[in-house]
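Participant: Here it is, the structure, as structure tokens.
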Amino acid sequence: MHPSPNRPLHRAPSRSPLPLALALLLAVILIVGLFATVALFAPNLSASSASGDPGSGVSSGASTATPPGATPSGSPLTATPSGSTPSASASAKPSPTKASPSPLDRITSIENKVFDLVNAERVKAGCGKLRNDARLHKAARAYSALMAEKNFFSHTGPDGSSFVDRIAATGYPRSAAAAENIAYGYADAAAVMKGWMDSSGHRANILNCDLKAIGVGLAYRKSTPYWTQDFGRQ
């Protein structure tokens with residue numbers, strides 16, 4: 001029997017694909033969650049393991065001993081071969097502020113300048129350089145200080161001492177005490193040397209080729225410098 005052309009046909013209802021999609025979605029969520037859990041613990045494991053490449057750097061934070069010659073990654077220090085000088089840290093440090101020279105250091109520097117100028121003049125004259133003797137230096141500086149303190153200017157001290165007495169008092173041989181130059185008021189080493197070299201008697205002491213040693217002394221009375229040169233034959 002054929003259906004009437006005017007009667008609608010009845011079909012079995014088709015199943016919805018929604019439950020299958022939900023199942024797939026849940027499966028994806030479970031898989032993603034599993035990978036996320038594994039990834040959460042992965043950094044802690046790798047940080048404490050050494051690199052598999054012998055001689056390469058160890059992972060940062062690893063407790064494994066570093067192979068000889070290897071450098072931990074991220075470290076600012078480099079490996080130092082045995083017996084060599086350790087290298088400085090990569091981080092720059094400000095250099096310490098250099099202390100200003102003391103008044104005594106400045107005086108010593110000026111005295112040394114006079115010493116150098118004396119030897120320069122001697123070399124030009126064909127004489128040997130003088131030796132800077134500590135005993136002659138002690139005598140010369142002490143006498144400059146005495147003249148500055150007592151406000152006098154003479155080769156004879158207030159106690160009647162001569163330059164030979166003052167040199168011998170330091171332990172330098174009395175028989176080797178040779179000469180003394182003094183001056184005051186000259187502002188610096190170059191000025192006092194010019195004054196001495198322009199005076200025949202002082203110049204003769206400076207250019208005496210038989211002399212072997214010298215001591216230079218400087219002291220101040222307020223801003224006025226007092227100068228002494230003591231010479232020796234040995």
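Participant: Between Asp105 and Thr224, what's the calculated FRET efficiency when r is the beta-carbon distance and R0 is 30 Å? Round to 0.05.
Facilitator: Calculated transfer efficiency: 0.90.
Participant: Next question, about the same structure. Let me know the Rg and Dmax you get for segment 123-234 when you use only its Cα atoms, in Å.
Facilitator: Radius of gyration, then largest Cα-Cα span, for segment 123-234: 13.3, 39 Å.
Participant: Any chance you could list the semi-axes, whole Å, largest first, of the equivalent ellipsoid that the Cα gyration tensor gives for segment 159-220, using √(5λ)?
Facilitator: 22, 16, 10
Coordinate-derived values only; no laboratory data. If you're wondering where the values come from, they're calculated on a predicted model, not measured in any experiment. Heads up, the Cβs are rebuilt from the backbone with ideal geometry, glycines too, and the neighbour counts pull from every protein chain shown.
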